[in-house]
1. Anything in the range 41-55 that is surrounded by fewer than 17 Cβ atoms within 10 Å (Cβ to Cβ) and more than 23 Å from residue 125 (Cα to Cα)? List them, or say none.
2. Out of curiosity, is residue 65 basic (Lys, Arg), farther than 23 Å from residue 161 by Cα, surrounded by 17 or more Cβ atoms within 10 Å (Cβ to Cβ) and in contact (Cβ under 8 Å) with a residue 24 or more places away in the chain?
3. Listed residues 146, 122, 75; which is closer than 16 Å to residue 30 by Cβ and in contact with a Lys or Arg (Cβ under 7 Å, 6 or more places away or on another chain)?
4. From (1) under 24 Å from residue 52 (Cβ atoms); (2) modelled with pLDDT of 95 or more; (3) surrounded by 17 or more Cβ atoms within 10 Å (Cβ to Cβ), pick out the condition that doesn't hold for residue 79.
5. Quick one: residue 153 ticks every box in (1) touching a helix residue (DSSP H, G or I) at 6+ places or on another chain (Cβ under 8 Å); (2) touching a residue at least 12 places away in the same chain (Cβ under 8 Å); (3) buried (at least 16 other Cβ atoms within 10 Å of the Cβ) bar one, so which box is it?
6. If you go through the range 156-165 one residue at a time, do you hit one that is closer than 26 Å to residue 56 by Cα, surrounded by 14 or more Cβ atoms within 10 Å (Cβ to Cβ) and out of contact with any Gly (no Cβ under 7 Å at 6 or more places or on another chain)?
7. Being surrounded by 15 or more Cβ atoms within 10 Å (Cβ to Cβ) and in contact with an Asp or Glu (Cβ under 8 Å, 6 or more places away or on another chain), is that true of even one residue in the range 134-144?
Amino acid sequence: MRLKKYSLKQKILIGKKIQRVCRTNKVKFIINDEPWLAKKLNADGCHLGQKDMSVNDARKVIGNKIIGITCHNSIRLAKSAIKSKANYLAFGAFFSSETKRVKFHATTKILKKVKKLTNIPIVAIGGINSKNYRNLLLNKANFLAISGYIWKNKKYKPEKAIETLK
């Protein structure tokens, strides 16, 4: 759940609804940037950006839940996240995106390099759609973070957009 422009009260209300949908569908519920909110909502974990708290500090807040960390396009950041025992590593943006301004560009080469360092799951982020997602999976991404293609798709409603990814 990534809700940058909402109040804490709104995040809690929306988060509780998302939590129910995730539980019903047996999908992990991860909160972006806010370990305290992840704890309050009893989420499955949180995702941390490089400007958020450390993995160790987040672990003190949410305990033994999933913690992922953004590594942009950096082996150095990946090694640091591996050392701090992150549960997954996120790389991107692989493509341009309207969801978030792209500061770092990643290529599939980073996926292959990181797979040689660790077996921690890798998440690909940024501009992923029905035309480009397969290449990321073929190049060792374990998971894909797909937002804009589903929620801001001008051609398909969310359910149909998801169907195009199968």
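1. Across the range 41-55, the qualifying residue is only 42.
2. Taking the combined requirement at face value, the residue satisfies it.
3. The conditions single out 122.
4. (3)
5. (2)
6. For the range 156-165, residues closer than 26 Å to residue 56 by Cα, surrounded by 14 or more Cβ atoms within 10 Å (Cβ to Cβ) and out of contact with any Gly (no Cβ under 7 Å at 6 or more places or on another chain): absent.
7. Looking through the range 134-144, none of the residues is surrounded by 15 or more Cβ atoms within 10 Å (Cβ to Cβ) and in contact with an Asp or Glu (Cβ under 8 Å, 6 or more places away or on another chain).
Results for (1) farther than 18 Å from residue 2 by Cβ; (2) under 16 Å from the mean Cα position of the chain (by Cα); (3) among the small types (Gly, Ala, Ser), shown as yes or no for each residue.
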{"site": "36", "(1), (2), (3)": "no, no, no"}
{"site": "56", "(1), (2), (3)": "yes, no, no"}
{"site": "59", "(1), (2), (3)": "yes, no, no"}
{"site": "62", "(1), (2), (3)": "no, no, no"}
{"site": "66", "(1), (2), (3)": "no, yes, no"}
{"site": "71", "(1), (2), (3)": "no, yes, no"}
{"site": "88", "(1), (2), (3)": "no, yes, no"}
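The values are calculated or read from the model by the stated rules, or taken from the named source; none is laboratory data. Worth saying up front: this structure is predicted, and the values here are computed from it rather than measured. Don't worry about glycine lacking a Cβ; one is built from the backbone with ideal geometry, like all the others, and counts go over all protein chains shown.
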